[in-house]
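The values are calculated or read from the model by the stated rules, or taken from the named source; none is laboratory data. No experiment lies behind these values; they were computed from the predicted model shown. Positions of Cβ are generated from backbone atoms using ideal geometry, with glycine treated the same way; all protein chains shown enter the neighbour counts.
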Ligand SMILES: [Zn+2]
């Protein structure tokens, strides 16, 4: 089954900020991504790039994170089977909204649901094969 169809499961106990931070870092590193971000101005998509990849190198070398290569989200969307596209769209929009909210909020509080959403989003983007 596609990760896009997985339903969010609320944790059965409270998580401390430390635990959430560990979970966040663990998810990203197991997906092979770091905190290097790329933005594509035409489509408005932005996401973390793979660690050690070409995009990461170009971003670091040029000190610029805009319009490096093609947009992976648009590319992946083109490969996603039509019956999954509405699920993918929902995840993309929720992920981008969350990210915008986090960047604009002063207190950097981690939320379990956002961490899980991010994991689903990047699993679709980088791991799911069709
Ligand atoms: Zn795009």
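Does residue 42 satisfy being at pLDDT 95 or above and over 15 Å from the mean Cα position of the chain (by Cα)? Spelling it out, residue 42 is indeed at pLDDT 95 or above and over 15 Å from the mean Cα position of the chain (by Cα).
State all residues of segment 93-102 that are within 13 Å of residue 44 (Cα to Cα) and either in contact with a helix residue (DSSP H, G or I) (Cβ under 7 Å, 6 or more places away or on another chain) or surrounded by fewer than 11 Cβ atoms within 10 Å (Cβ to Cβ) (or both); if no residue qualifies, say none. Correct list: 93, 95.
Considering only residues of segment 60-75 that are surrounded by fewer than 17 Cβ atoms within 10 Å (Cβ to Cβ) and either touching a residue at least 40 places away in the same chain (Cβ under 8 Å) or under 25 Å from residue 6 (Cβ atoms) (or both), which is nearest to the ligand (Cβ to nearest atom)? Looking at the filtered set, the residue picked out is 74. In this structure, residue 57 does satisfy being over 16 Å from the mean Cα position of the chain (by Cα) and either at pLDDT below 95 or more than 16 Å from the ligand (Cβ to nearest atom) (or both). Of everything in segment 9-25 that is without any contact (Cβ under 8 Å) to a residue 60 or more places away in the chain and in a helix (DSSP H, G or I), the residue that is surrounded by the fewest Cβ atoms within 10 Å (Cβ to Cβ) is 18.
Restricting 83, 90 to those that are out of contact with any helix residue (DSSP H, G or I) (no Cβ under 9 Å at 6 or more places or on another chain) and either surrounded by fewer than 16 Cβ atoms within 10 Å (Cβ to Cβ) or at positive phi (or both) reduces the list to 83. For residue 125, are the conditions met, namely being surrounded by 11 or more Cβ atoms within 10 Å (Cβ to Cβ), within 16 Å of the ligand (Cβ to nearest atom) and under 27 Å from residue 21 (Cα atoms)? Here the answer is yes, as residue 125 does meet what is asked.
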